[in-house]
Structures are given as structure tokens and as C-alpha cells.
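Data first, discussion second: the structure below is written as C-alpha cells.
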Amino acid sequence: AATVLLRPGADAPGQFVTVARRASVEPDYHECAIPPNIAPLRFVVSEPGSRYIARLCGSAGKPVVTASADGAVCWPVEQWHNLLRANRGTTVHVELYVRDQNGDWQRFDDIRFHVAQEDIDRYVVYRRIRPAHNYFTQMGAYQRDLSTFVETPLLVTDAHTGRCANCHTFAARQPERMVLHYRGQQGNGMLLLRDGKVSRVDTRTALFPGWGGYSSWHPDGQVLAMSFNRLALFHHETGESREVFDYDSDLGLYDIDTGQIKAPLQIADPNWLETFPSFSPDGKHLYFVRSAKRWTGDIRGKVIPPVWKEVQYDLVRVSYDSEKSEVGPPETLLTAAQVGGSISHPRPSPDGRMLSFCLHRWGSFPPFQPDCDLYLLDLATRRYWPLECNSPQTDSYHCWSSNGRWIIFASKRDDGLITRLYITYIDQQYRSHKALVLPQEDPRYYEHCLRLFNAPELLVRPVPAPQRAFSRAIVHAHKQQATLASPHPVVQALFPHPPANDCPLQTLYQQLLADPEAGEVFYRAGQEFHQRGQHQQAVIAYRRAIELGGDQPWRLEALERLAWILATHPSEQLRDGRQALLLAQMACQTSGRVPAAHLSTLAAAYAECRQFANAVKTARRAEREALAAGQMDLLRRIRQQLEHYLAEQPLREP
């Protein structure tokens, strides 16, 4: 039924019966702290009746009255805003009257809204998508005016394009510089909005063969930090069936002027999975999360590692000098062991004092984690706590307002299935208040909406490019190709300074500069460093050789040599018994006879893990193999090692 504004003097019944409870309404905005510039909070009264009157009142301003025959409470936009502006920092209340079937009026307890002093940024860009993960029609990125109900599309898919729009981000909540990633039948890439023009960028390089994803702008608007992830979707048989696994991920810094990507080892270490970059408001730090990579080689599309539930991410930051484009060493702020879960989506507050993040059981994809909650970290004291507005269901993707008083986030709190956008007020003590769902023009919108809302990003102004500019850039624009600004980060780590007057290393260095994917050259470099006693460099080279080795025979040798260093090195910082055992077991997985040297290394790894019975058993097997092969020098070394294992002592090699 149409909403009717009552005549003056007829805005409330003269006689009514008081009902000592609040009426059942949806959405429930009672006791929410609300922005004074938010669109009208429209809702539906679920109490039986033939007529409904709602009267919004405050200590100042003219009351707003609306009536309907179907329970819909639809405040007029202009009068709503007038009343809220007059009542900043105070509480307004809704008087609710329902006429029953007998013609008698009932008045329920008032519904109260706490109007904050501070506005929320007027615009938000979000992604709206069907719940099915593989159905890309009617999906896209949309912009919403939070003071009204006006929504405009930025990039929308249809059955023809099969396009997926994702991972949009803005420079300091300013819409003039924006990136939006896409994939689909018309190709994959990144759309860059700059100075009113949309261009298409191919972010693939020799270092990062995949596409860029999660992104964060440096405050100067010149550099974009982005993650390069190799993801796979798989399914469980029960419960939340979907799971996303990250096989490999690193961070890169993209210069929008030069088109070059820098990937220093501090943020692109092949031994770590780095993702979710987020610059600090002053641009002096880059926050991200990372987890140790616990498998070797390229296993994407082949197998989900059995340790996938054990992959948990720490919260880390590095310093960043924008003038020199230099990155400092990683500093761990919170570990997964410390917080009892996996951290994702770090977002520093605009004042730089706090950092919000998601915490969930494992992995790096919180929308599929039912236990995911939002947390705040005090960067000065390192104290962290959950937001008071969390729900028993998933609360994930989040964004701060520019004044730091509001956080908008995606939540499944209504039914555990559909994500909707909620807004919570953050007070001066950094406590969150009851969250309100994004208001819609139709108060029954959420009753029939089967679309997911996620990835909200607040803006102070609307995006200055129409939908057609983004679509045309995909179809017609010249594609800019990103390039690497420096040698592969592993080559940089292996050779911090180019070798001079050293023919063997100089030759290896030149070969790796020309082809950073040459696995056998990395293996030879590992051998060279190992022979020179430069074990840290040997570890770097062997790891890279294993990653690139595939089915090459020298990969087994690299596995064995790396396992030996990790099992026997005198430095605790370099030893890793658990990983040494895994590598040694892989080195011994062959269809033919296992070499005595490989069995000797496996025995040393067992001893480092304090599995001395297995160490003795394996060493005796190595002894037999060495004897059968006539390897007498190796046989003598194995017998010496066996004495250590019989005495329950791990082996140390100087």
C-alpha cells in the first residue's frame, strides 16, 4: 500500500491501549547508533493489524509521521534528514501505533535510534553477486549513495560476457584513483581509473604469471600494493561446503606512472604466502598477512595439501620509504598461535592508532568461515579485542570511514547464508555499537533478495566515470603491460651484490638474470654455495630449484641436499627438523633403489625430530645400500652417524 503522510493534528490516535513490549519489526534498528546523514531506516511491522502509524520524534525539529495499511514504515527522505540534522548527538524515538481487527489502537514501546555527531562517507562501492560460486550472470560492482537510495552500476556482468568483477580499491577514499579487477570471456586484467580515464592493465609478468588481486593504494596515489594469488576452490561434504585454498601468493608494488612492478623479498619471499596488503594512512608502513609455505613445488591443480587446515596467517608489517621506494624487514605484530586462529584483511584506522582485521579458524578466505569475527588491534599497546557488534555467523569484509567513526562490513548474521552490508559506530573508546543493515528504499527488500553484498569501500565523492567507461575499456582499450622493475626477488636474495671476479658465481648470476625460471641453474647455484659453506644462500637456491624442478632428476638431489642442511646445521635459526623430514621423505620416494646418501639424510632428519628408533633403522638400511654400491667413504660416515643415533643424539655438521 502507498505510504500516506497524515494531516497536521491527525498524526496519532487519540485513544489507544499501551502494549508493554516493542513491536516485531524487520529490519530491527532498535538501539542502533546511526549516521546523521544516513538514508531513512525503513522497516516493516509484523504485528497483525489493519492500519499502522509511525511517528518519529526528537528533542528538536518537527516530528515525521507516516502511515500504511500493510505495516510498511517508509519515512520521506527530506523530512527524515531534517529531523536527524536537528538531533545530532541525541536519541530520537519512534512511536508505533497499530489498529487491530476490532478497530482499537495499540501503542507499542518506542523504538530508539541514537544519532551520532559524525557523518559517514556519503558513498559506498560494493560487489553484488549470486550465491552460486560458478554463476557469473547478474553480478557486478555498484555504487550507492548512503544518504538516499540511489544505486548506480560501475561494471555489471550478463550471460553474454560471463564477466566477474572483483577486488576494487580507492586511493585514500578518493574516487579519482581506483582499480577494479575483472575476469571473464573477454579476458582478465585490471581497470585503472586515473584523472577521469579508464585504462586496462595486464598485471602478469615473468615473476607473477597470475593476475593481481587484493590491492591497496599508497596515500600518494602513485603506488599500488597488490597480491598475486594462485587460488583453488574445493568443497566439503557437510556444513559450509565451499573452501578456498591459496597455493601460492606474493605481494608486488605497481607504479602507475612507469607500469613497473617491484617485488622485494621482504614481501615476496617464496617461503611465505603473503596477501591482503594495506598501507598505513601516512604511507610509512605496509600491513599484510603471511603464512609459512609448507609444501614444495607447483602442486596447483594436482592436490590440496593435507596440511590445509593448519595454514594460518600472521599479521605483519614492513616500513616503506616512498621517496626511495625501499621496503624494510618484516615485523610480526600478531602471530596465529598468539590469537588462536588465522588473520586476514588488515585495515588500519584513518588516525593510524588502530587496525581492524578478520580472525577465523584457518586459511585466508573469511567469507566461507562461519566463525569469522572482526577484531581491533591497538598498534601502540598491541592489545586486541573482538568488536562488540560481532555475530555468531560470518562477519568479514570491512572498511573504515574517513573520520574513523564508522566501519561498514559484510555479515551473514541474518541466516548464515546471505551476506549483507552492516554499519557500526566506533566511539571514542573504540567500542563498536549495535550494527544496522544497509537501509533500502523497499523495507521488504531483504525478504526476497538472494544476492550477496561484499567488499564495501567507502568514498567521500561519487566515482567520476560512468559504467560505459569501464565496459569500453575492457572491450576496446589498448592493454598496458606491466613489467618487472628489478631482478627476480629470489635472485636478489641469492646475490645481494653482483659477484665480481668470481667466475663460477658470476656465470650463475648472469644465467639467472636472463632466466629466473631456470631450475637447474638454481640447483647448481645451491651446490656451489653449499660447497663454500654459505648455507643460507644454499637453502635459498635449493628451495627455488625444488619449486621449479617438476620431474627432473636433479630435483631429488636438491630435496636431499636441502633436507641435510635443515637437519644437521649447527644454527637453530637455520635448522627445521619437521621440514627436513618432509623433504627427505620426498627425496626417497623413487621407483628404483633409494641411494644410500638419501637414506642417510632421512636418518639425520628422523634424529633431529627425536625419532631415534626410526633414525637407527634408516641408518642401518643406508649402511647396507652403501656397502652394496661399494661406497666405502660414505659407509664409514654412516657408521659414525649411527653412533650418534644409538646414543640418542641428533647429528650436527659444522
Quiz prompt | Proximal lysines relative to residue 309, as straight alpha-carbon distance under 16 Å, when same-chain residues fewer than 8 apart are discounted | solution = 293
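Where a ≥ b ≥ c are the square roots of the eigenvalues of the C-alpha gyration tensor, would you call region 123-484 rounded, which needs a/c under 1.5, or, failing that, prolate if a/b is larger than b/c, or oblate? It would help to have the intermediate numbers written out before the result.
Numbers: a/c = 1.16, a/b = 1.03, b/c = 1.13.
Rounded, because the longest to shortest axis ratio a/c is under 1.5.
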Quiz item: Just the Cα atoms of region 489-646: what Rg and Dmax do they give in Å?
Solution: 16.3, 49
Practice problem: Using θ = phi - 60° and the Karplus relation 6.51 cos²θ - 1.76 cosθ + 1.60, list the HN-Hα couplings for region 79-95 in order, rounded to whole Hz, with x at every Gly or Pro. | Solution: 5, 4, 5, 4, 5, 5, 4, 6, 10, 4, x, 10, 10, 10, 9, 10, 8
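Counting only helical runs of four or more DSSP H residues, what would the 222 nm mean residue ellipticity of the chain come to if each run contributes -39,500 (n - 2.57) and the total is spread over all its residues? It would help to have the intermediate numbers written out before the result.
Working: 13 runs with 145 residues, N = 654.
Theoretical 222 nm ellipticity from helices: -6500 deg cm²/dmol.
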Practice problem: For residue 197, go through the aspartates and glutamates and keep the ones whose alpha-carbon is under 15 Å away, minus same-chain ones fewer than eight residues off. | Solution: 176, 257
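At most 13 other Cβ atoms within 10 Å and a DSSP loop assignment: could you name the trypsin sites (Lys or Arg not before Pro) in region 524-598 that fit?
Answer by residue number: 532, 593.
Compute the signed sum of charges (Lys and Arg +1, Asp and Glu -1) over the other residues within less than 12 Å, Cβ to Cβ, of residue 541. Before the final figure, lay out each step's value.
Numbers: positive: 524, 532, 543, 544, 561; negative: 520, 528, 547.
So the surrounding residues net to +2.
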Practice problem: For residue 204, list long-range residues whose amide hydrogen, built 1.01 Å from N in the peptide plane, is under 5 Å from its own amide hydrogen. | Solution: 482
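Around residue 434, what is the net charge, scoring Lys/Arg as +1 and Asp/Glu as -1 over all other residues with Cβ under 10 Å from its Cβ? Intermediate results must be reported in sequence, preceding the final value.
Numbers: positive: none; negative: 28, 31, 388.
That works out to -3.
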Quiz item: Residues with beta-carbon under 13 Å from that of residue 49, excluding residue 49: net charge, scoring Lys, Arg +1 and Asp, Glu -1?
Solution: -1
Exercise. For a quick protection proxy, order the peptides 632-639, 276-283, 15-22, 71-78 by their average other-Cβ count within 10 Å, most packed first.
Key: 276-283, 71-78, 632-639, 15-22
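Quick check on region 442-570: take the gyration tensor over C-alpha atoms, sort the square-rooted eigenvalues as a ≥ b ≥ c, and tell me if it's rounded (a/c under 1.5), prolate or oblate. Before the final figure, lay out each step's value.
On the way: a/c = 3.35, a/b = 2.24, b/c = 1.50.
It comes out prolate by the Cα gyration axes.
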Quiz item: Which percent, to the nearest 5, of DSSP beta bridges fully inside the chain are antiparallel?
Solution: 90
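Of the peptides 110-122, 640-652, how do they stack up when ordered by the mean number of other Cβ atoms within 10 Å, highest first? Mind showing how you got there, number by number?
Details: 110-122: 18.8, 640-652: 15.7.
The peptides rank, most packed first, as 110-122, 640-652.
Greater than 22 Å separation of Cα atoms is the criterion. Which listed pairs, 284/324; 262/324; 262/284, meet it?
Violating the 22 Å Cα-Cα cut-off are zero pairs.
So what is the relative contact order for region 123-484, in percent, with contacts set as C-alpha pairs under 8 Å and at least six apart? Show your work: numbers first, answer last.
Numbers: 933 pairs, mean separation 61.6, N = 362.
17 percent.
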Quiz item: What shape does region 17-115 take by its C-alpha gyration tensor, where a ≥ b ≥ c are the square roots of the eigenvalues and a/c under 1.5 counts as rounded, a/b above b/c as prolate, and the rest as oblate?
Solution: prolate
Quiz item: Once phi is turned into θ = phi - 60°, what whole-Hz ³J(HN,Hα) does the Karplus curve with 6.51, -1.76 and 1.60 give for every residue of region 167-175, x standing for Gly and Pro?
Solution: 6, 9, 7, 10, 7, 6, 6, 9, x
Quiz item: Taking the mean number of other Cβ atoms within 10 Å as a proxy for protection, how do you rank 361-373, 191-203 from highest to lowest?
Solution: 361-373, 191-203
Quiz item: Using the Karplus equation 6.51 cos²θ - 1.76 cosθ + 1.60 (θ = phi - 60°), what ³J(HN,Hα) coupling, rounded to whole Hz, does each residue of region 421-433 give in order, writing x for Gly and Pro?
Solution: 8, 10, 10, 10, 8, 10, 7, 5, 8, 6, 9, 8, 10
Quiz item: In terms of the ratio Rg/(2.2 N^0.38 Å) built on C-alpha atoms, what value belongs to region 346-414?
Solution: 1.07
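Sequence gap at least 6, Cα distance under 8 Å: using those rules, report the relative contact order of the chain to the nearest whole percent.
Working: 1556 pairs, mean separation 66.2, N = 654.
Dividing the mean separation by the residue count of the chain yields 10 percent.
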Quiz item: Using the reciprocal of the averaged 1/r over all distinct C-alpha pairs, how large is the Kirkwood radius of the chain in Å?
Solution: 28.0
Quiz item: Restricting to region 17-115, what percent of DSSP beta bridges are antiparallel, rounded to 5?
Solution: 75
Quiz item: Near the amide H of residue 140, under 5 Å away, which other amide H atoms are found, from residues 5 or more places off or on another chain, if H is placed in the peptide plane?
Solution: 128, 157
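Laboratory data are not the source of any read-out in this text; all were calculated from the coordinates shown. Note that this is a predicted model, so its numbers are computed, not measured. With ideal geometry, Cβ positions are generated from the backbone for all residues, glycine too; neighbour counts draw on all protein chains shown.
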